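*Asks:* A single structure is presented below for examination.
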Amino acid sequence: MRAKVPASVRILSVLVAVCTATAASAEGPQDVVDNAVQALEDMSADPNLKWFQNNLPSAVGVVVFPTLVRAGLIVGASGGNGVVLVRGPNGWSYPSFVTLASLNVGAFAGAQAGQAVLLIRTQAGLDAFLSTKFQLGADASLAMGPVGVGAHAATADILAFSRSAGLYAGVSVEGATIFVRNSWNERYYSSPGIRPMDILVARNQSNVGAQALRQTVAQVGRNPNTP
């Protein structure tokens, strides 16, 4: 007899599929890489995100979701594709691809799109992103990143910064599940069976299409106009 799938799981599966399809219609790995460059440029130019700009150079890693879509009626979901890069002695790694999926319950109707960037600040946070999947706030502590002049960061493995049409009440990532996009990693690096560890730690993979992204991550916070 087939086991009954809980209603919450069915709802999450359907809504995440809708969100991900909306965020990634005709989208491929290189599109996400290129759009991640734009998202970082948007955040690096924002005067309210000085803390993010100044602290990205010392972060353990960074995760960029160029487009997160939240959609639903009362019960909704957030979803989108992104890239993870890790800082090492020789600079930033090439990207590993991930997908974010989150179920939301509350008075919400319609759809909302935004950008989100996560700063990985600890080894525990990095270890989570080297796994197949994990939940933000459960498998690694999460806090909202500081915004505005004189802002101070909370103590957490990962800090989240999000924007929606220039606002900071962007798409929430609290409680979201992060999944590795193995098929995209294999496709982007032409390497069957590749793991995030190969890209982010061993660094035995490369793709010239990600050079602009690596350069942009390295430049954020080192702009001479950023105090």
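Coordinate-derived values only; no laboratory data. Computed from a predicted structure; not experimentally measured. Here Cβ is always computed from backbone atoms with ideal geometry, including for glycine, and neighbour counts include all displayed protein chains.
*Asks:* Compute the distance in nm between two label points, each set 7 Å from the Cα along the Cα-to-Cβ direction, one at Val201 and one at Ser58.
*Replies:* 2.5 nm
*Asks:* While we're on this one: Per residue of the range 29-35, what does 6.51 cos²θ - 1.76 cosθ + 1.60 with θ = phi - 60° give for ³J(HN,Hα)? Whole Hz please, x for Gly and Pro, Karplus curve as stated.
*Replies:* Result, rounded to whole Hz: x, 5, 4, 5, 4, 5, 5.
*Asks:* Ok, one more. If you plug each phi of the range 192-206 into the Karplus form 6.51 cos²θ - 1.76 cosθ + 1.60 with θ = phi - 60°, what whole-Hz ³J(HN,Hα) values come out, in order, with x for Gly and Pro?
*Replies:* Result, ordered by residue: x, x, 5, 10, x, 4, 5, 7, 8, 10, 5, 6, 9, 10, 8 Hz.
*Asks:* Measure off 7 Å from each Cα along the Cα-to-Cβ vector at Ala218 and Asp42, then give the distance between these two points in nanometres to one decimal.
*Replies:* Modelled inter-label distance: 2.5 nm.
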